[in-house]
Amino acid sequence: MKTQVCIIGGGPSGLLLSQLLHLQGIDNVVLERQSRDYVLGRIRAGVLEHGFAELMREARCGERMDREGEIHEGFFIAHDGRMDRVDLHRYSGGSSVIVYGQTELTRDLYEARDRMQGTVVHDVQDVQLHDIAGTSPSVSYRKGDERVRVECDFVIGADGFHGVSRKSIPAGVLSEYEKVYPFGWLGVLSRTKPVSPELIYARHERGFALCSLRSQVLSRYYIQVPLSDKVEDWSDEDFWAELRRRVPSEVAGRLLTGPSIEKSIAPLRSFVAEPMRYGSLFLAGDAAHIVPPTGARGLNSAASDIHYLYHAMLGHYRDGDDSGLDGYSAKALARVWKAQRFSWWMTTMLHTFPDSLAYDRKLQDTDLAYLFSSEAAMRSLAENYVGLPF
Ligand code: RFL
Ligand code: PHB
């Protein structure tokens, strides 16, 4: 097979880039290890920034998002038995975020790829990258009994944190920066009316909790759990009881519960690999960086990579200008690190760390007290949460 751009990974990053390139007449192929049902069964992000939404519209995939997604102009932080509101709209100069599930967004991207007869190959096994140091790379994979080779100009590694792309870069080239947190998030999806029209991030000595949603009939809740916990350890009843303990009593009182339709544990991690380019391989999204979900930055950071990469590819194919490709890694990383900082800060302020000193807890109290007494602090939070400019 021959194509211009071979994209490894059919998650949101890979599909969005595929769709944008296709609209510009740039031929590409997406290789995805899992089946489509599997990809659409993963429950992940829920909060999108406007830059991401804009990219979805540019990819002609924004219609359902604009119809069904909810605009959120603020959220709550519950602490010390009270609820303080972060007025995103006011402190970001009129901006907001969109609540629209990653599952739905990925479904929209797949449908757009189908409509345009884009090539997305599912269930590929043993993906290998070849000759990425030079200008004639290729990617091979196995599907059933057949081994296929894709020759291309560029390879995009959009295959998530556990993908093969980053690992194909020779040792010594990448610098990796990592911070693993001593806890995870246990998430539950339930077909119930959300407890609050806006998200509630709750700090509690028993551990962090988050009340989120996908729609007015679909709720998403999380609680911080030790890394040693297993999903099987948590019955629905235990989950709801623990969530109630961690939110203010008036919230607990109106929480509607029901059977979980999905339940999973995600460990929290911060990770960045530098540089994001090696020869003709470009990394994007979770393949190059991970944040703890507290600041809702993961998917949004992937979107800015795709924005830079898309424009860099356009420069190359349309204008014969490689400056975008050459500058991609530095440009993407500058924004990635700001999302890292913000996610680390939100995580540190709101979670209960098993080994924390009394001193650390005092600093957490002070961070919250400062936040809700300083317009400058509020502006900083709002500016980061709605998304820094691309
Ligand atoms: P993905 O979604 O992991 O997709 C990568 C795809 O590559 C495939 N793959 C391979 N394909 C071929 N060959 C191989 N060798 C392959 N290895 C892997 C995988 O099957 C997969 O389909 O990465 P991508 O596209 O970069 O997207 C990143 C986002 O998924 C991620 O950043 C967000 O979900 C993070 N995140 C959130 N981000 C936000 O911006 N806002 C949020 O509110 C938010 N909430 C969350 C989150 C992540 C969470 N978890 C579970 C980690 C909440 C949670 C709980
Ligand atoms: C979610 O709804 O899954 C969600 C929302 C906000 C976050 C993380 C996850 O910060």
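The values are calculated or read from the model by the stated rules, or taken from the named source; none is laboratory data. Computed from a predicted model, the values in this text were never measured in an experiment. Methodologically, a virtual Cβ is constructed for each residue, glycine included, from the backbone with ideal geometry; neighbour enumeration extends over all protein chains shown.
Which members of the range 97-116 meet the condition of being surrounded by fewer than 18 Cβ atoms within 10 Å (Cβ to Cβ) and either under 24 Å from the mean Cα position of the chain (by Cα) or under 30 Å from R203 (Cα atoms) (or both)? Result: E104, R107, E111, D114.
Conditions (1) at pLDDT below 95; (2) part of a helix (DSSP H, G or I); (3) within 26 Å of S165 (Cα to Cα), marked per residue:
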position	(1), (2), (3)
D238	no, yes, no
A241	no, yes, no
V251	no, yes, no
T257	no, no, no
A273	no, no, yes
N300	yes, yes, yes
D305	no, yes, yes
Y308	no, yes, yes
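Results for (1) free of Cβ contacts under 8 Å to residues at least 12 places away in the same chain; (2) crowded, with 21+ Cβ neighbours inside 10 Å; (3) hydrophobic (A, V, I, L, M, F, W, C); (4) closer than 20 Å to E242 by Cβ, shown as yes or no for each residue.
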{"position": "E176", "(1), (2), (3), (4)": "no, no, no, no"}
{"position": "K179", "(1), (2), (3), (4)": "no, no, no, no"}
{"position": "G184", "(1), (2), (3), (4)": "no, yes, no, yes"}
{"position": "V188", "(1), (2), (3), (4)": "no, yes, yes, yes"}
{"position": "L199", "(1), (2), (3), (4)": "no, yes, yes, yes"}
{"position": "A202", "(1), (2), (3), (4)": "no, yes, yes, yes"}
{"position": "G207", "(1), (2), (3), (4)": "no, yes, no, yes"}
{"position": "C211", "(1), (2), (3), (4)": "no, yes, yes, yes"}
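Number of residues in the range 154-196 that are in contact with a strand residue (DSSP E or B) (Cβ under 7 Å, 6 or more places away or on another chain), away from ligand 1 (no atom under 13 Å from the Cβ) and closer than 24 Å to L283 by Cα equals 10. Of the residues that make up the range 343-358, is at least one surrounded by 15 or more Cβ atoms within 10 Å (Cβ to Cβ), out of contact with any Cys (no Cβ under 9 Å at 6 or more places or on another chain) and under 16 Å from L283 (Cβ atoms)? Checked against the condition, which is being surrounded by 15 or more Cβ atoms within 10 Å (Cβ to Cβ), out of contact with any Cys (no Cβ under 9 Å at 6 or more places or on another chain) and under 16 Å from L283 (Cβ atoms), the range 343-358 yields no hits at all.
Which of the residues spanning the range 118-142 are of a type in the set (G, A, S) and outside any loop (DSSP other than H, G, I, E, B)? S138, S140 - these are the residues of the range 118-142 that are of a type in the set (G, A, S) and outside any loop (DSSP other than H, G, I, E, B). Condition check for F76 on (1) touching a strand residue (DSSP E or B) at 6+ places or on another chain (Cβ under 8 Å); (2) outside any strand (DSSP E or B): one failure, at (2). Applying the condition of being acidic (D, E) and within 14 Å of ligand 1 (Cβ to nearest atom) to the range 19-73 and asking which residue is surrounded by the fewest Cβ atoms within 10 Å (Cβ to Cβ) yields D37. Out of everything in the range 304-339 that is in contact with a Leu (Cβ under 9 Å, 6 or more places away or on another chain) and of a type in the set (F, W, Y), what residue ends up being farthest from I26 (Cα to Cα)? Per the stated criteria, the residue is Y328. Which of the residues spanning the range 31-49 are within 16 Å of ligand 2 (Cβ to nearest atom) and not acidic (D, E)? Scanning the range 31-49 gives L40, G41, R42, I43, R44, A45, G46, V47, L48.
Say whether the condition of being under 23 Å from R82 (Cα atoms) and surrounded by 14 or more Cβ atoms within 10 Å (Cβ to Cβ) is met by at least one residue in the range 117-138. No; the residues of the range 117-138 include none that is under 23 Å from R82 (Cα atoms) and surrounded by 14 or more Cβ atoms within 10 Å (Cβ to Cβ). Could we say that E262 is within 12 Å of ligand 1 (Cβ to nearest atom) and among the acidic types (D, E) here? Spelling it out, E262 is indeed within 12 Å of ligand 1 (Cβ to nearest atom) and among the acidic types (D, E).
Conditions tested, residue by residue: (1) touching a Leu at 6+ places or on another chain (Cβ under 8 Å); (2) not in a helix (DSSP H, G or I).
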{"position": "R107", "(1), (2)": "yes, no"}
{"position": "R147", "(1), (2)": "no, yes"}
{"position": "I156", "(1), (2)": "yes, yes"}
{"position": "H162", "(1), (2)": "no, yes"}
{"position": "L186", "(1), (2)": "no, yes"}
{"position": "P194", "(1), (2)": "yes, yes"}
{"position": "Y201", "(1), (2)": "yes, yes"}
